[in-house]
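S.K.: Dropping the structure in here first, questions after.
No value in this document is a laboratory result; all are computed from the given coordinates. Predicted model, so just to flag it, every value in this text is computed and none were measured. All Cβ positions, glycine included, derive from the backbone under ideal geometry; neighbour counts span all protein chains shown.
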């Protein structure tokens, strides 16, 4: 489910300070500007496991999103003071896209699904003893900001739930299996992620319409 955009090499790093917990790099690649997250980021590899799974689920769900890929890079490509670090590692890369902040009108309202580093997937990927049932049945709502409420339509939510109901174990396995082993090498955690995706989808199908519309 990875998008067709696939740069082959990092040309240079852009000295941009990005206030993010994963300390992403702003880079120029042979296929355009991009943002890159390394597995040794301050939040650990679980953060990009979550990013990668969340992004693929967004693609499966049919959401608008930025182009992305996995790409082998080394620290020497990114830091002038790490020229001795030439071992290749797999990184998560997102294509930079022009855009602006939303001004509040329906005409310009188009959201991109991105930045999944702090979703439930990250907690599961980093903690073999996580309370999986609690995560599956978490009824908290994120993103239902007052400014968005006038644009929520029950018919759109119901149509989305038709797609969500199609999530099955086989699809969840296909997505989780694409996570590089160097990011996550615990088969038990992979199994928990598959179980979470399938069971969480069922929970949301039964709960989310009322949470968003009532």
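S.K.: Any chance you could give the angle, 0 to 90 degrees and rounded to 10, that helix 154-164 forms with the longest Cα principal axis of the chain?
M.R.: 60 degrees
S.K.: Run a plain Debye calculation on the chain (Cα atoms as equal point scatterers, no solvent) and give log10 I(q)/I(0) at q = 0.09, 0.14, 0.16 Å⁻¹, rounded to two decimals, same order as the q list.
M.R.: The computed values of log10 I(q)/I(0) come out as -0.40, -0.95, -1.19.
S.K.: Let me ask something else about it. How big is the stretch 130-179 along each principal axis, measuring the range of its Cα positions in Å and listing the largest first?
M.R.: 38, 26, 19
S.K.: Could I ask something else about it? Within 10 Å, count the other beta carbons around each residue, average over each peptide in 140-148, 121-129, 47-55, and list them highest first.
M.R.: Numbers: 140-148: 8.2, 121-129: 17.8, 47-55: 26.2.
Descending packing order for the listed peptides: 47-55, 121-129, 140-148.
S.K.: What angle, in degrees between 0 and 90 and rounded to the nearest 10, separates the Cα long axis of helix 187-213 from the longest principal axis of the Cα atoms of the chain?
M.R.: Result, in degrees: 40.
S.K.: At 7 Å along Cα-to-Cβ for each site, give me the label-to-label distance between residue 98 and residue 17 in nm.
M.R.: Spacing of the two 7 Å Cα→Cβ label points: 2.8 nm.
S.K.: Hey, another quick one. Distance from a point 7 Å along Cα→Cβ of residue 186 to each backbone N in the stretch 125-153: keep the residues under 17 Å and list them by number.
M.R.: Under 17 Å, as judged by backbone N against the label point of residue 186, lie 125-136 of the stretch 125-153.
S.K.: Quick one: which of 65-78, 158-171, 199-212 comes out on top by average Cβ neighbours within 10 Å, and what's the full order, highest first?
M.R.: On the way: 65-78: 18.3, 158-171: 13.4, 199-212: 15.3.
With the highest mean Cβ count within 10 Å placed first, the list reads 65-78, 199-212, 158-171.
S.K.: Using a 10 angstrom cutoff on alpha carbons, build the Gaussian network for the chain and name the most mobile of 136, 14, 189.
M.R.: 14
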